[in-house]
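Peer 1: Take this structure first; my questions come after.
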Amino acid sequence: MVTRSYKQIGIRHLGLIVTLLLGMSESSAMPQKTMANKPVQVAVGLETRSATQDQLAREIRRQLDGRGVSATEQEVQAAARRALDLISKGKDPQKGVIYVNTKKFTICASWGKDKDFCKSH
């Protein structure tokens, strides 16, 4: 009778240990899931700030597709339009860097002497 109770306790402890281990492995996976939801950085380098909305949208779409990020055409066009607005408001026509944040991605556009800034940061 004593042996039987020790076996039952041992089985219960084993079940508890397995449950705890499974719980720890799920909790360690949680940070990875939140990292996957982080917006993707799109880096656009321009020779001059006289780009068109279509050029920016094409480059944004190309980089998003390459990273497997889905975005609607309206999201891409809206982001390209906001980027062009900020580029046109840049104080220095020879060089500059702007950022446009959306829910799914962030655009970093640089032009002129700074055209490689976004790709290197």
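Peer 1: Residue pairs, Cβ under 7 Å, 6 or more apart or interchain, first in the range 41-69 and among the small types (Gly, Ala, Ser), second part of a loop (DSSP other than H, G, I, E, B). List them.
Peer 2: Once the first residue is among the small types (Gly, Ala, Ser) and sits in the range 41-69, its partners that are part of a loop (DSSP other than H, G, I, E, B) give GLY45/LYS115; GLY45/ASP116.
Peer 1: Also, quick follow-up: Taking only the range 74-114 into account, find how many residues are crowded, with 18+ Cβ neighbours inside 10 Å and either at pLDDT below 90 or polar (S, T, N, Q) (or both).
Peer 2: The number of residues fulfilling the criteria is 1.
Peer 1: A follow-up question, please. Applying the selection to the range 55-113, what residues are in a strand (DSSP E or B) and hydroxyl-bearing (Ser, Thr, Tyr)?
Peer 2: Within the range 55-113, TYR99, THR106, SER110 meet the criteria.
The values are calculated or read from the model by the stated rules, or taken from the named source; none is laboratory data. Keep in mind the model is a prediction, meaning the values are calculated, not measured. Methodologically, a virtual Cβ is constructed for each residue, glycine included, from the backbone with ideal geometry; neighbour enumeration extends over all protein chains shown.
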